[in-house]
Amino acid sequence: MKKSLVFCMIILAIVVTCISFSLAAEFTPKKEYTMTVNVGNTYGWGMGAQRWAELIAEKTNGKIIVKPYWGSQLLAGKQMNWLQAVAEGSIDFAVESTINSSSVVKSHNLFSLPFFINTFENLDSIENGRSGQMLFEEMEKMQVVALAWGENGFRQLTNSVRPVSNPEDLQGLRVRVCPTAIYDDIFKALDADPIHMNWADAVTGFQQGAVDGQENPYGVLIPVKIWEYHKYVTNWNYLADPLLFCINKKLWDSFPDVIKLAVKEAAREAAEWEKAYVRRGLDGEKSINILKEKFDDEPAILNQVEYLKSQGAEVIDLTPEQLNAFKQATQSVTDKWVPIIGKDLVDAALADMNK
């Protein structure tokens, strides 16, 4: 009896699979789908996007072809508009930062609460926990389906003036920041002068001395050779910069289940590689081992901090006491932004982090 039941289940599974592939065969895709990416393909972020596009083609046997457009080309460089464009369907796919959607989706500012997350373990707990699911559910209501979390990284501070190891060291420094309100609030609370400008202008500003510093993850600091402009690097993990691998909901709903499965598996695989790539050397050997053992990949630069030091940068690692001083100095920002982000979401994130 048991053998007959098992045999029937196997036959049923085969039939369901055949039907799925038959439906997929009848599905007529567009010749090419568009993907917006804010950076170029020399950054870990861009490399992850490229990998997702390639894996989609591979896992769908060439049915779904996705072309990444770098540097927010499809948005005429207006990177903050990506979510609206994907939601309305003028762009199909995106690998984008929560920072660039935070002006529209206020909950995405969760990751920008100053000194709130601070560790990879806390970040993973949020993304894989209830709070991460709440964020995905909110996006789907806005007609964007998020399939996986990627990462630009924890953002670090660099400058050309002096080492920064306590809040007083930031006083009067002109720091190029992302053009969002919470960034302005953070740096004003630290008595710095937040400056908005695009990256090309910022580099010119560094060279001319018009801007003293900036904040970005290691995945950006190394490709742009930040040591050519700034000697001092402060590792403070003051906020996180997650990426979203996502797709327009109407397009997603139009895909047969077998195509959906392939696209989602491709997103998760690409995101896992991308996260390990941008974290390499920043979480001990963990991400390096993932790259080597799971993906048979060994990048030329494995320890990003040591590489920066080898180029002449002076890297400052903060003590718990120093970090707490920065957290206290920006507590007013947290108090202001928790209601804007949503207390329920912040409480869920705290629970996910067991804080």
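Read the figures in this text as sums done on the coordinates, not as results from a lab. Here the structure is a predicted model, which means the values were calculated and not measured. Every residue, glycine among them, receives a Cβ derived from its backbone with ideal geometry; neighbour counts consider all protein chains shown.
Which cross-chain or sequence-distant (5 or more) residues have an amide H under 5 Å from the amide H of I195, H modelled 1.01 Å from N in plane?
Amide H neighbours of I195: V175, R176, V177.
How far is the Cα center of the stretch 241-266 from the Cα center of the stretch 66-142, in Å?
With the stretch 241-266 and the stretch 66-142 each reduced to a Cα centre, they are spaced 15 Å.
Would you list which lysines come within 18 Å of K30, measuring only between C-alpha atoms, while excluding same-chain residues fewer than 8 positions from it?
Within reach: K59, K63, K67, K249, K250, K260.
Quick one: Cα centre-to-centre distance for the stretch 328-355 and the stretch 295-327, in angstrom?
For the stretch 328-355 versus the stretch 295-327, the Cα centre distance is 27 Å.
Rounded, prolate or oblate: which fits the stretch 228-352, taking a ≥ b ≥ c as square roots of the Cα gyration tensor eigenvalues, rounded meaning a/c under 1.5, else prolate when a/b beats b/c? Let's see the in-between values first.
Working: a/c = 2.58, a/b = 1.20, b/c = 2.15.
Since a/c reaches 1.5 but b/c is at least a/b, the shape of the stretch 228-352 is classed as oblate.
Using the alpha-carbon centroid of each, what span in Å lies between the stretch 47-65 and the stretch 273-293?
22
Identify, among A271, Q214, L147, the residue whose Cα sits farthest towards the positive end of the charge dipole of the chain, taking +1 on the Cβ of Lys and Arg and -1 on the Cβ of Asp and Glu, with the dipole about the Cα centre.
L147
Report for the chain the percent antiparallel among DSSP-assigned beta bridges with both residues inside it, nearest 5. Each step should come with its number before you reach the end.
On the way: 21 of 39 bridges.
Counting only bridges with both partners in the chain, antiparallel ones make up about 55 percent.
Using each residue's phi in the stretch 326-340, evaluate 6.51 cos²θ - 1.76 cosθ + 1.60 at θ = phi - 60° and report the 3J(HN,Hα) Karplus result to the nearest Hz, with x for Gly and Pro.
Once θ is set to phi - 60°, the couplings for the stretch 326-340 become 5, 5, 5, 5, 10, 4, 5, 5, 4, 4, 5, 8, 4, x, 5 Hz.
Treat the stretch 175-279 as a sphere of radius equal to its Kirkwood radius over Cα pairs and apply Stokes-Einstein at 4 °C in a medium of 1.567 mPa s; give the translational diffusion coefficient in µm²/s, rounded to a whole number. Numbers along the way, then the final one.
On the way: Rh = 16.7 Å.
Rounded, D is 78 µm²/s.
Computed FRET efficiency, Cβ-Cβ of S90 and S332, R0 30 Å: what is it to the nearest 0.05? Provide the component values of the computation, followed by the final result.
Working: r = 39 Å, r/R0 = 1.30.
Between S90 and S332 the formula returns 0.15.
Note down the nm distance, to one decimal, between modelled labels 7 Å out along Cα→Cβ at K78 and at I65.
Result: 3.0 nm between the two label points.
Between M142 and V315, take the C-beta separation as r, use R0 = 41 Å, and let me know the FRET efficiency to the nearest 0.05.
On the way: r = 39 Å, r/R0 = 0.96.
For M142 and V315, the calculated efficiency is 0.55.
Can you list the residues, at least 5 places off or on another chain, whose amide H is less than 5 Å from the amide H of G150, using H built in the peptide plane?
Amide H neighbours of G150, under 5 Å, 5+ apart: L243, L244, F245.
Bins of 10 Å, beginning at zero and ending with the bin holding the largest distance: percent of Cα pairs per bin for the chain, please.
Bin by bin from 0 Å, the calculated values are 5, 23, 32, 24, 10, 4, 2, 0, 0.
Using only alpha carbon positions, build the gyration tensor of the stretch 19-92, then give the equivalent ellipsoid semi-axes as the square roots of 5 times its eigenvalues, largest first, whole angstrom. Walk me through the numbers on the way to the answer.
Working: eigenvalues 131, 48, 13 Å².
Equivalent-ellipsoid dimensions as semi-axes: 26, 15, 8 Å.
Taking amide hydrogens as modeled 1.01 Å from N in the peptide plane, which residues meet the under 5 Å criterion relative to W236, leaving out close sequence neighbours?
Under 5 Å from the amide H of W236 lie the amide H atoms of L157, each far enough along the sequence or on another chain.
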